[in-house]
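Working notes for the structure below.
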Amino acid sequence: MRLRRRLQRPSGGSRAVKASIQWKDLAWQRILPLAFFCLGLAYIVASPHFEASDSDEHAGMIQWLAETGRLPIQTAEHDALYGQEASQPPLYYAVMALIWRMLDTTDFDAVYQENPLAINGDPHRLGSRNLVFYRQPYPPVLHGTSLALYVIRLATLAMGAVTVYAVYQSARIVVPSSRDFAILAASLVAFNPMFVFISASISNDPPVSMLTALICWRTLMMLRDGFAARRSVILAVLIALATLTKLSGIAPGFAAGLAALWLAYRTQDWRGFMALSLAVLLVWLLTAGWWYARNLQLYGELFGTGSMLDFYGRRTITLGGLVLEEFEGLRISYWGLFGAFSILTHKAFYLAMDLLSLLGALGLPLALKSKRRPANLRVNAAFLGLTLALGGAMLIWWSLQTTASTGRLLFPYITSISILLALGINALRIPSLLICLPLFLFTLACPFLYIKPQYEHPPAVAKLPESASPSFARWDDITLVGYEIPEPRRWAAGDEIPLTVYWQPLAQSRELQALFITLIDAEGMALATIDSFPGWGTLPTTWWRPGVIYRDDYILQIPSDTQAVSPIQLHIGWYNWSDRLDIMPRSEADQEYAAYTLPLGAIVAADKLQQTLGGDASPQGKVFGDALKLNAYDFSAGHALEMEWQVLAAISGDWRAFAIVLDKPYQEGTDFAVILQKDSAPPVPLDFLKTGETFITRHEFQLPAGYIGEHGIYVGWYNEALGMRLAAPFPQNMLELPALLFEANGA
């Protein structure tokens, strides 16, 4: 029996080897682009049309070119939707304009309704993420302008799939003996969430990334096989098209020229080099040169970038400042920062990508120094590195002049980044599957976890849930029928306050109305504000259905630099967007409120609370109610008493400190009159203070003009609602301070 089992083992091992060979023989050059395209479909559905950076302006360029048949001219007027994209080379827009003309797009103005309160470029700030109002974000609307935009996005996504294919083929040239290496390199493109997101949007980044990836592939072929007429013509066409798509296409073309010069020097095939150079020059002049000549004629410059900066603003920043202030944004937005630079993923993902990049950088020298490196590896790596260096230099140059430190601007060099990164990872013998599979799963999850929830309309509910507190307030035809807020508690700087409000419109609103939810202190000063249209800006009031109850969820962030020590309330209100005038709230009995507020407790900045009177104060040590100790007091300016208190034990209730002056010293059983009195509340209700914390109450007596007199002051604590004073071992629970000289100003 044992012998039979031993004889069977080689057969099982043979099947395993056979299965392994079959797995490696799969057509990954087709599987990975297909997987990328399928992932992109999820991103297309999850992210509405205009939600990637500058997508609205790219769409504006397509619309303008389709409807007018001519390119826009850069001016100081910013009313046109295409905005600063008027400075861009036109190839992508010209191709997509063909799709635009084939479909009915007469409803564009109804589809594109800008959200003026959207948060753009600040992913850490909570607020409206949608740049545009979408009457139906899900499921997709497949007619009119929306259909045209979906077709354009599908075509753009296909360009991203070609990029994945080209990276795979380039990697096969760099390390021809390893399909695993090519799979890893292409996966770093196909399963990069940000690259999928941008490829699924309306943008000229995917086409230029496709063309530059093809340039790298054909250049690597040239370095391997030498010059050839057909290859030179193809390379010339790709370079010309890249420079007619976006200016970032110039760097890979320039690097390809330097690679060709090196190849000619190495092989002494100067004829091949001259043929390539002539092909590039002729094709470029025929296909792209007219646009650069147009720039010279209109703006007096080759690229038109100077005019764009003149019209849209320049900035001044040092290289050091650029690295310190914007490198983090560049780094995380290369891997995944969705929306208009406004939707973050999980922090752990960015840390994992940082670690992956670090490992790739550390392993790259090992790959280049290895004795087993493939032939020509250093030459290929040098070309890829040169492409990245030139592109990076262009990005830095541009970022020093205008805000441009976004990861998507590195995608034209994604072939270089991914292959060099894969070289380093491969040199460290990290299994490809350990990287590719988690990246694929995370990229698949992103549209559902991070993107889609930002654009969904607030849900309608049949009735107010039991968890909500019923309420009523009316702003014109908008009623607040209930709310859910945390129980009053102690809050600190940086805390987030969740709240849910339930709106019920009484009639169809014809005017756009905006909501504000403001955190105010005891003096009515605003500490934090949400300024939005309903549903974090996803559902304007003009689209509400009368009688429907809408659940509206928010999170109010207390700024991390808040220094307040005060009771706090939520102030909820509405205003007309057209004139910015507040709508006054009214009660169910149609009585007008001064403001609609809800108590939240208190905010306590601990460093502002722990105040003492200093060494000049008179020490005490008396205890009231076993909970509050009078540490010291100070009397100044002839009328101002300050007392420093310390919390010894938890105490709740609306307690206030009193300070009174009697017409004569207090004696049990005798009549007396209060001639001066000043009460003071603690900076926050005692419920929200912790044991050991100190605070100060200030009592400024109002004295008659010219008044001078020496009096003792009686102090203590009282609770008006309970009708009692805080117990203390003194007559009438009040401590007499030594006689003090009262003196009115000018006496």
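The values are calculated or read from the model by the stated rules, or taken from the named source; none is laboratory data. Keep in mind the model is a prediction, meaning the values are calculated, not measured. Virtual Cβ from ideal backbone geometry, glycine too; neighbours counted across all protein chains shown. Quick note on the areas: whole protein, heavy atoms, side chains included, nothing else; ligands and nucleic acids left out. Shrake-Rupley method; radii C 1.70, N 1.55, O 1.52, S 1.80 Å.
Using beta carbons and a limit of 6 Å, which pairs, at least six apart or on different chains, have the first residue in region 73-93 and surrounded by 21 or more Cβ atoms within 10 Å (Cβ to Cβ) and the second one among the charged types (D, E, K, R) and part of a helix (DSSP H, G or I)?
Short answer, once both residue conditions are applied: Tyr82/Glu57; Glu85/Glu57.
Between a first residue in region 383-412 that is open to solvent by less than 20 Å² (accessible area, probe 1.4 Å) and outside any helix (DSSP H, G or I) and a second residue that is β-branched (Val, Ile, Thr) and modelled with pLDDT of 95 or more, which pairs have beta carbons less than 8 Å apart while being 6 or more apart in sequence or on different chains?
Partner pairs satisfying both residue conditions: none exist.
Out of contact with any Ser or Thr (no Cβ under 7 Å at 6 or more places or on another chain), without any contact (Cβ under 8 Å) to a residue 40 or more places away in the chain, on the phi > 0 side of the Ramachandran plot and not basic (Lys, Arg): does that describe Gly625?
On the way: out of contact with any Ser or Thr (no Cβ under 7 Å at 6 or more places or on another chain): yes; without any contact (Cβ under 8 Å) to a residue 40 or more places away in the chain: no; on the phi > 0 side of the Ramachandran plot: yes; not basic (Lys, Arg): yes.
Taking the combined requirement at face value, the residue does not satisfy it.
Regarding region 23-30, can at least one residue be identified that is among the hydrophobic types (A, V, I, L, M, F, W, C), part of a helix (DSSP H, G or I) and modelled with pLDDT under 95? Walk me through how you get there before you give the answer.
Within region 23-30, the first condition is being among the hydrophobic types (A, V, I, L, M, F, W, C), and the residues that meet it are 23, 26-28.
Those left that are additionally part of a helix (DSSP H, G or I): 23, 28.
With modelled with pLDDT under 95 added as a condition, the list becomes 23, 28.
Yes: one or more hits.
Considering region 438-447 alone, what residues qualify as being open to solvent by 60 Å² or more (accessible area, probe 1.4 Å) and within 17 Å of the chain's Cα centre (by Cα)?
Taking region 438-447 as the starting set, the residues that turn out to be open to solvent by 60 Å² or more (accessible area, probe 1.4 Å) are 438, 440-441, 444.
None; the set is empty.
Determine whether region 48-69 contains at least one residue that is crowded, with 17+ Cβ neighbours inside 10 Å, among the acidic types (Asp, Glu) and under 23 Å from Ala240 (Cα atoms). Give the derivation first.
Our first condition is that a residue be crowded, with 17+ Cβ neighbours inside 10 Å; within region 48-69, this holds for 48-66.
Restricting the remaining residues to those that are among the acidic types (Asp, Glu) gives 51, 54, 56-57.
Going one step further and asking which of them are under 23 Å from Ala240 (Cα atoms), we end up with none.
The answer is no, given that none of the residues of region 48-69 is crowded, with 17+ Cβ neighbours inside 10 Å, among the acidic types (Asp, Glu) and under 23 Å from Ala240 (Cα atoms).
Report, by residue number, each residue of region 309-330 that is free of Cβ contacts under 8 Å to residues at least 24 places away in the same chain and among the hydrophobic types (A, V, I, L, M, F, W, C).
Scanning region 309-330 gives Val323, Leu324.
Against the conditions (1) out of contact with any Pro (no Cβ under 9 Å at 6 or more places or on another chain); (2) touching a residue at least 60 places away in the same chain (Cβ under 8 Å), where does Arg551 fall short? Just the number, please.
That leaves (1) as the condition not met.
Please count how many residues of region 128-140 are open to solvent by 30 Å² or more (accessible area, probe 1.4 Å) and in contact (Cβ under 8 Å) with a residue 12 or more places away in the chain.
Narrowing region 128-140 to residues open to solvent by 30 Å² or more (accessible area, probe 1.4 Å): 135-136, 138-140.
Add one more test, that the residue is in contact (Cβ under 8 Å) with a residue 12 or more places away in the chain, and what stays is 135, 138-140.
Residues meeting the conditions: 4.
Sort out which residues of region 281-293 are out of contact with any Pro (no Cβ under 8 Å at 6 or more places or on another chain) and open to solvent by less than 40 Å² (accessible area, probe 1.4 Å), and write them in order of number.
Step one: filter region 281-293 for residues out of contact with any Pro (no Cβ under 8 Å at 6 or more places or on another chain), giving 281-287, 289-290, 292-293.
Passing the criteria: Val283, Gly289, Tyr292.
Among residues belonging to region 433-478 that are assigned to a helix (DSSP H, G or I) and among the aromatic types (Phe, Trp, Tyr), point out the one that is nearest to Ser532 (Cα to Cα). Let's see the steps before the verdict.
To start, the set of residues in region 433-478 that are assigned to a helix (DSSP H, G or I) comprises 433-454.
Next, from what is left, pick out any that are among the aromatic types (Phe, Trp, Tyr): 440, 442, 448, 450.
Details: Phe440: 35, Phe442: 31, Phe448: 24, Tyr450: 20 Å.
Of everything passing the filter in region 433-478, Tyr450 is nearest to Ser532 (Cα to Cα).
Within region 202-239, track down each residue that is of a type outside the set (Ser, Thr, Tyr), open to solvent by less than 30 Å² (accessible area, probe 1.4 Å) and in a loop (DSSP other than H, G, I, E, B).
Scanning region 202-239 gives Ile202, Asn204, Gly226.
In region 421-432, which residues are under 16 Å from Tyr168 (Cα atoms) and either among the polar types (S, T, N, Q) or surrounded by fewer than 21 Cβ atoms within 10 Å (Cβ to Cβ) (or both)?
Listed by number, the residues that qualify are Asn426, Ser432.
Tell me which of these Thr156 doesn't satisfy, since it passes every other one: (1) in a loop (DSSP other than H, G, I, E, B); (2) within 27 Å of Leu330 (Cβ to Cβ).
(1)
Could you list, in sequence order, all residues of region 31-41 that are of a type in the set (Gly, Ala, Ser) and either open to solvent by less than 20 Å² (accessible area, probe 1.4 Å) or not in a helix (DSSP H, G or I) (or both)?
Gly40
Of the residues that sit in region 298-348 and are surrounded by 13 or more Cβ atoms within 10 Å (Cβ to Cβ) and polar (S, T, N, Q), which one is nearest to Gly424 (Cα to Cα)?
Among those residues, the one meeting the criterion is Ser333.
Kindly establish whether Phe695 is open to solvent by less than 40 Å² (accessible area, probe 1.4 Å) and in contact with a Pro (Cβ under 9 Å, 6 or more places away or on another chain). Even if it seems obvious, please write down each step before you answer.
Working: open to solvent by less than 40 Å² (accessible area, probe 1.4 Å): yes; in contact with a Pro (Cβ under 9 Å, 6 or more places away or on another chain): yes.
Criteria met by Phe695.
Filter region 366-386 down to residues that are at pLDDT 90 or above and either among the hydroxyl-bearing types (Ser, Thr, Tyr) or over 42 Å from the mean Cα position of the chain (by Cα) (or both), then give me how many there are.
If we filter region 366-386 for residues that are at pLDDT 90 or above, which is where we start, we get 366-369, 376-386.
Of the ones still in play, those that are also either among the hydroxyl-bearing types (Ser, Thr, Tyr) or over 42 Å from the mean Cα position of the chain (by Cα) (or both) are 376.
Within region 366-386, residues that are at pLDDT 90 or above and either among the hydroxyl-bearing types (Ser, Thr, Tyr) or over 42 Å from the mean Cα position of the chain (by Cα) (or both) number 1.
Each row is one residue, and each column tells you yes or no for (1) small (Gly, Ala, Ser); (2) farther than 30 Å from Glu114 by Cα; (3) open to solvent by 20 Å² or more (accessible area, probe 1.4 Å).
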site: Ser471; (1), (2), (3): yes, yes, yes
site: Thr479; (1), (2), (3): no, no, no
site: Gln508; (1), (2), (3): no, no, yes
site: Leu515; (1), (2), (3): no, no, no
site: Arg545; (1), (2), (3): no, no, yes
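I need a count of the residues in region 585-641 that are in a loop (DSSP other than H, G, I, E, B), of a type outside the set (S, T, N, Q) and under 30 Å from Ile478 (Cα atoms). Steps first, answer last, please.
Narrowing region 585-641 to residues in a loop (DSSP other than H, G, I, E, B): 585, 587-591, 593-595, 605, 610-617, 625-627, 637-639.
Keeping just the survivors that are of a type outside the set (S, T, N, Q) gives 585, 588-590, 593-595, 605, 613-617, 625-627, 637-639.
Then keep just the ones that are under 30 Å from Ile478 (Cα atoms); that gives 585, 588-590, 593-595.
Within region 585-641, residues that are in a loop (DSSP other than H, G, I, E, B), of a type outside the set (S, T, N, Q) and under 30 Å from Ile478 (Cα atoms) number 7.
Please pick out the residue among Ser357, Ser333 that is polar (S, T, N, Q), in contact (Cβ under 8 Å) with a residue 40 or more places away in the chain, touching a Phe, Trp or Tyr at 6+ places or on another chain (Cβ under 7 Å) and assigned to a helix (DSSP H, G or I).
Values: Ser357 fails: touching a Phe, Trp or Tyr at 6+ places or on another chain (Cβ under 7 Å).
The match here is Ser333.
Among the residues of region 174-190, how many are under 15 Å from Asn426 (Cα atoms) and open to solvent by less than 20 Å² (accessible area, probe 1.4 Å)? Don't jump to the end; show me each part of the working.
Quick first cut of region 174-190, residues under 15 Å from Asn426 (Cα atoms) only: 174-188.
After this cut, where a residue has to be open to solvent by less than 20 Å² (accessible area, probe 1.4 Å) as well, the list is 174-175, 181-188.
Here the count works out to 10.
Going through region 55-79 one residue at a time, which ones are within 21 Å of Ala404 (Cβ to Cβ), of a type in the set (A, V, I, L, M, F, W, C) and not in a helix (DSSP H, G or I)?
The answer is Ala76, and nothing else.
Can you tell me which residues in region 300-324 are outside any loop (DSSP other than H, G, I, E, B), under 17 Å from His78 (Cβ atoms) and not polar (S, T, N, Q)?
Within region 300-324, Met308, Leu309, Asp310, Phe311, Tyr312 qualify.
If Pro682 passes every condition in (1) buried (at least 17 other Cβ atoms within 10 Å of the Cβ); (2) within 52 Å of the chain's Cα centre (by Cα); (3) touching a residue at least 40 places away in the same chain (Cβ under 8 Å) but one, which one does it miss?
Condition not satisfied by Pro682: (3).
Give the residues of region 165-185 that are closer than 16 Å to Leu220 by Cα and under 30 Å from the mean Cα position of the chain (by Cα), sorted by residue number.
Val167, Ala185
Taking region 401-425 only, how many residues are over 25 Å from Leu344 (Cα atoms) and either within 22 Å of the chain's Cα centre (by Cα) or not small (Gly, Ala, Ser) (or both)?
Number of matching residues: 5.
Of the numbered conditions (1) surrounded by 12 or more Cβ atoms within 10 Å (Cβ to Cβ); (2) in a helix (DSSP H, G or I), Leu351 fails exactly one; give the number of that condition.
The one condition Leu351 does not meet is (1).
Looking only at region 693-745, which residues are in a loop (DSSP other than H, G, I, E, B) and in contact with a helix residue (DSSP H, G or I) (Cβ under 9 Å, 6 or more places away or on another chain)? It would help to see each step written out before you state the result.
Quick first cut of region 693-745, residues in a loop (DSSP other than H, G, I, E, B) only: 693, 701-707, 720-723, 726-730, 734, 744-745.
Glu693, Leu726, Ala727 - these are the residues of region 693-745 that are in a loop (DSSP other than H, G, I, E, B) and in contact with a helix residue (DSSP H, G or I) (Cβ under 9 Å, 6 or more places away or on another chain).
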